[in-house]
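A short worksheet on the structure shown next.
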Amino acid sequence: MRYNLLLILISALLFSQCAFVLTGTKQRMRIVTTQPGAEVWYQNTLLDKTPCIVRIKRSYTEQPPIVLKKIGFENHTLPLKRKFNEIAALNFILPVNWLIDGFSEAAVGYKAFDTVTMKRITH
């Protein structure tokens, strides 16, 4: 029993500061348009309609943009701009956590989006 408790405490200490554990490998992205009801497309898949929160896999490689579509409006693209996941900075406590965050790609994230104003199609 005492060894189980010790193992739990050691595991909690080792993994508690890891961005992988605290923020995961997918990032929640809030998408809002001034014209509600725009479809949110990512990698040719309809995810939701605005306003919404979507989950996008974190990645070191460049990812395709999110595309917003609404009838009567021009399509609008939202590029995924990578940034450092600030939570990963907590790894200074136990540097071994950099390995976990590095291999899981949890050390990166994406910049948040501003509210999008879609342009009306004029004939």
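Read-outs: derived from the displayed coordinates by stated rules, not from any lab. Treat the numbers as computed from the prediction; the structure is a model and nothing was measured. FYI the Cβ positions are ideal-geometry reconstructions off the backbone, even for glycines, and counts take in every protein chain you see.
Residues whose amide H lies under 5 Å from that of Lys81, counting only those 5 or more places away or on a different chain, are Lys111; hydrogens are built 1.01 Å from N in the peptide plane.
Take the Cα of Lys83, step 7 Å toward its Cβ, do the same at Thr61, and the gap between the two points is 2.5 nm.
Taking R0 as 35 Å, what's the FRET efficiency between Val54 and Tyr3 from their Cβ-Cβ distance, rounded to 0.05? After rounding, the FRET efficiency stands at 0.25. Here each label is just a point 7 Å from Cα along the line to Cβ, and for Ile71 and Asp114 those points are 3.0 nm apart.
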